[in-house]
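For reference, the structure discussed in these notes is given below.
The values are calculated or read from the model by the stated rules, or taken from the named source; none is laboratory data. Small disclaimer: the values here were computed from a predicted structure and weren't measured. When we count neighbours, we look across all protein chains shown, and the Cβ atoms used for this are built from the backbone with ideal geometry, even at glycine. To get the accessible areas, we keep the full protein, side chains included, count just its heavy atoms, and leave off ligands, DNA and RNA. Shrake-Rupley method; radii C 1.70, N 1.55, O 1.52, S 1.80 Å.
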Amino acid sequence: MVPTAQGIRKERIRRTSEPTRHAAHVFATLRAGRTGTGADFLPLTIWPDIAGKIGGQTNVHTDFWALYLAWRGRGTHRVEGRAFSVARGDVYVMRPGMAHGYEGGENLVLEAIHFQLSLFDEPTLQVLTATPGFSALMAEDGPTGRWLRLTPGALAEVEQITSELRAEWEAGTPEAALLVRAHFLRLLVTLARRHAGQLLTEPATSFGHEKIVAEAVRRLDAGFSQSVRIEKLAGEVGLSPDRFTEVFSSVMGRTPSDYLRHVRIEHACQLLLTTDNTVASVARQCGFADAAHLTRTLRQTRGTTPTDLRRKR
């Protein structure tokens, strides 16, 4: 599944608007930057990609694969000279030799899991390759509109698996490395099955709920900085407030109000870590009444304060 040198050259000739800065990355360097983690034992590293912080640079993956999971926001990712719109819930893979870069973004944050195929022994790799949906996920012709876009329910499942994987990887112990491999295999198989559509066998009413919640999530993601009334949102998707809360909770595992608070805190943490804006300014930008409201919510949900969060950065 590795692209040919000739194919890469032809694709690069077609590029007309690449960013001006280029950086070639080898896995050994990525690994060296993650000592004390699972990278000490496995050819796998985990990095957060924040589009606004690394835009304007073309990165080339020389000898490793990368699995990208978009957790929040939206933006543009240029891969092999072609621009693709990326939003929360998108999943895609890049192969060795591919060049990519971000062209700005609106709070676009992704999880980037870089790995080499030596992570798997040959029998495991054969089973993976035979898993329906896996070849499409790792498509040889690159991201051509066949990226996986997860429904809210599927995204919640993938977030949980990835959270467990990341926790074991950060533990950096030999026994944790065993669990990292297991969690990553579970993640790949789950994504492959989703890609193949095998898990879209829920009753029609359940799939209808997914679509309703997906629209509600889209509106909450877009309007989190404004005053949001759950009753009004329920009416916009055609449900009573009580029924909307029930449907939303069944898909997302949390109420609409809890999800809105989660989105606001995620954006607030990003601004606190990446800007020097005052706490009051961050609070206003993220839909909180004032700095005290943000501080109180941050302490309740993350066990920290804006000052402590910035000190740790």
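State whether one or more residues within the stretch 155-173 are outside any helix (DSSP H, G or I), more than 14 Å from Thr37 (Cα to Cα) and within 15 Å of the chain's Cα centre (by Cα). There is no residue in the stretch 155-173 that is outside any helix (DSSP H, G or I), more than 14 Å from Thr37 (Cα to Cα) and within 15 Å of the chain's Cα centre (by Cα).
Any residue in the stretch 25-47 that is open to solvent by less than 10 Å² (accessible area, probe 1.4 Å), touching a strand residue (DSSP E or B) at 6+ places or on another chain (Cβ under 8 Å), of a type outside the set (Phe, Trp, Tyr) and modelled with pLDDT under 85? No, the stretch 25-47 has no match at all. Filtering the stretch 282-313 to residues that are open to solvent by less than 50 Å² (accessible area, probe 1.4 Å), more than 22 Å from Leu220 (Cβ to Cβ) and either among the polar types (S, T, N, Q) or modelled with pLDDT of 90 or more (or both) leaves Ala291, Thr295, Thr304, Thr305, Pro306. Within the stretch 72-86, is there a residue that is at pLDDT 85 or above, crowded, with 16+ Cβ neighbours inside 10 Å, under 17 Å from Leu148 (Cα atoms) and among the small types (Gly, Ala, Ser)? Scanning the stretch 72-86 turns up no residue that is at pLDDT 85 or above, crowded, with 16+ Cβ neighbours inside 10 Å, under 17 Å from Leu148 (Cα atoms) and among the small types (Gly, Ala, Ser).
For the stretch 226-248, the count of residues that are in contact with a Pro (Cβ under 7 Å, 6 or more places away or on another chain), under 26 Å from Ile50 (Cβ atoms), modelled with pLDDT under 90 and surrounded by 13 or more Cβ atoms within 10 Å (Cβ to Cβ) is zero. Of the residues making up the stretch 159-179, those that are touching a Leu at 6+ places or on another chain (Cβ under 6 Å) and of a type outside the set (Asp, Glu) are Ile161, Ala177.
Checking the stated criteria, Gly253 turns out not to satisfy the condition of being closer than 25 Å to Ile50 by Cα, in contact (Cβ under 8 Å) with a residue 12 or more places away in the chain, in contact with a helix residue (DSSP H, G or I) (Cβ under 7 Å, 6 or more places away or on another chain) and small (Gly, Ala, Ser). Counting only residues that are open to solvent by 50 Å² or more (accessible area, probe 1.4 Å) and over 17 Å from His25 (Cα atoms), the stretch 48-71 holds 2 of them. Looking only at residues in the stretch 87-116 that are open to solvent by less than 10 Å² (accessible area, probe 1.4 Å) and touching an Asp or Glu at 6+ places or on another chain (Cβ under 7 Å), the one that is nearest to Gly223 (Cα to Cα) is Leu110.
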